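To start, the structure under review is shown below, and the notes come after it.
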Amino acid sequence: MNSNSKALVLLSGGQDSSTVLFWAKKKFAQVESIGFNYGQKHKLELEVASGIATIAKVNYYIAEISTLPDVSKNALTSSAIDVEKGVKSDAPPNTLVEGRNLLFLTYAAIYAKKKHVNNLVMGVGQTDYSGYPDCRNEFIQSAQQTISLATDFEFSIHTPLMWKNKAETWQLADELGVLNIIRENTLTCYNGIIADGCGKCPACILRKRGLDEYLDSTIS
Ligand code: ZN
């Protein structure tokens with residue numbers, strides 16, 4: 001089989017990465033997924049991702065990178081820090097783990113090259129840009145070049161959600177026939193509550209706003 005038809009999806013078990021997993025299943029003949037144990041508070045995240053991979057019938061590999069420097073401890077990795085309430089626009093949220101996607105992509109690239117997989121798929125996007133610099137298209141383009149040069153292997157990084165807002169991401173899940181699977185089996189909530197979540201943290205607020213917007217648009 002041509003190696004171009006293989007893809008590795010970076011899967012966190014959230015709405016976005018889970019949706020692109022099913023997108024990848026439609027686009028590529030062979031799909032695998034990879035997750036990262038980076039010392040996050042909610043180990044549930046890895047179980048949820050594993051569950052989604054099982055539903056999608058793809059292999060899920062967990063890379064152990066639980067040695068992020070202490071300076072990067074934040075609300076996602078430290079129990080001592082609470083997630084900030086509400087959505088603010090002037091500064092990155094305290095859920096930012098500096099350089100996380102670059103780290104993830106590097107691990108993913110090493111793993112993918114070993115398996116002769118050229119395509120990496122990520123659920124990042126800059127439409128609902130929440131202050132994460134490593135979700136921007138400019139970063140992804142740069143990372144694609146860097147990991148290709150670093151490994152002497154031609155990688156393509158696919159980001160089907162780059163220009164989609166949350167409502168459009170729900171629409172994509174619906175078009176892929178997995179809206180309920182995504183709604184009921186993914187974890188987006190910063191407080192570690194599966195499916196519709198706590199309803200109060202920034203991630204839940206964005207997720208619900210998008211879902212309501214999409215569901216409303218299908219009624220009218
Ligand atoms: Zn929440």
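Consider GLU168 carefully, then state whether it is within 16 Å of GLY123 (Cβ to Cβ), at pLDDT 95 or above and surrounded by fewer than 20 Cβ atoms within 10 Å (Cβ to Cβ). Please lay out each step first, then the result.
Details: within 16 Å of GLY123 (Cβ to Cβ): yes; at pLDDT 95 or above: yes; surrounded by fewer than 20 Cβ atoms within 10 Å (Cβ to Cβ): yes.
It is true that GLU168 is within 16 Å of GLY123 (Cβ to Cβ), at pLDDT 95 or above and surrounded by fewer than 20 Cβ atoms within 10 Å (Cβ to Cβ).
Restricting to region 148-175, give me the number of residues that are in a loop (DSSP other than H, G, I, E, B) and farther than 18 Å from GLU213 by Cβ. Full working, then the answer.
Residues of region 148-175 in a loop (DSSP other than H, G, I, E, B): 152-155, 159-165.
Those still in the list that are farther than 18 Å from GLU213 by Cβ too: 152-155, 159-160, 162.
Residues meeting the conditions: 7.
When residues of region 90-115 are filtered for being farther than 16 Å from GLU64 by Cβ, charged (D, E, K, R) and modelled with pLDDT under 95, how many remain?
Summing the residues that are farther than 16 Å from GLU64 by Cβ, charged (D, E, K, R) and modelled with pLDDT under 95 in region 90-115 gives 2.
Please go through region 195-212 and give me each residue that is more than 9 Å from the ligand (Cβ to nearest atom) and among the hydrophobic types (A, V, I, L, M, F, W, C), ordered by number.
The answer is ALA195, LEU206, LEU211.
Pull up region 42-62, narrow it to residues that are among the aliphatic types (A, V, I, L, M) and surrounded by fewer than 17 Cβ atoms within 10 Å (Cβ to Cβ), then point me to the one that is modelled with the highest pLDDT. Outline the logic, then answer.
If we filter region 42-62 for residues that are among the aliphatic types (A, V, I, L, M), which is where we start, we get 44, 46, 48-49, 52-53, 55-56, 58, 62.
The next check asks that each one be surrounded by fewer than 17 Cβ atoms within 10 Å (Cβ to Cβ); those that pass are 44, 55, 62.
Values: LEU44: 90, ILE55: 98, ILE62: 95.
Filtering first and then ranking leaves ILE55.
Quick one: GLY192 ticks every box in (1) over 16 Å from the mean Cα position of the chain (by Cα); (2) surrounded by fewer than 20 Cβ atoms within 10 Å (Cβ to Cβ); (3) within 13 Å of the ligand (Cβ to nearest atom) bar one, so which box is it?
With respect to (1) over 16 Å from the mean Cα position of the chain (by Cα); (2) surrounded by fewer than 20 Cβ atoms within 10 Å (Cβ to Cβ); (3) within 13 Å of the ligand (Cβ to nearest atom), GLY192 is out only on (1).
What are the pairs with Cβ atoms under 7 angstrom where one residue, in region 97-111, is without any contact (Cβ under 8 Å) to a residue 60 or more places away in the chain and the other, located anywhere, is surrounded by fewer than 16 Cβ atoms within 10 Å (Cβ to Cβ)? Sequence gap at least six, or different chains.
Here the result reads ALA109/THR151, each pair linking region 97-111 to a residue that is surrounded by fewer than 16 Cβ atoms within 10 Å (Cβ to Cβ).
Show the residue pairs meeting these rules: Cβ distance below 7 Å; 6+ apart or different chains; first residue within region 187-207 and in contact (Cβ under 8 Å) with a residue 60 or more places away in the chain; second residue among the acidic types (Asp, Glu).
LEU187/GLU45; LEU206/ASP128
The values are calculated or read from the model by the stated rules, or taken from the named source; none is laboratory data. Everything quoted here is computed from the prediction, not taken from an experiment. Every residue, glycine as well, gets a Cβ built from its backbone with ideal geometry; the counts of neighbours run over all protein chains shown.
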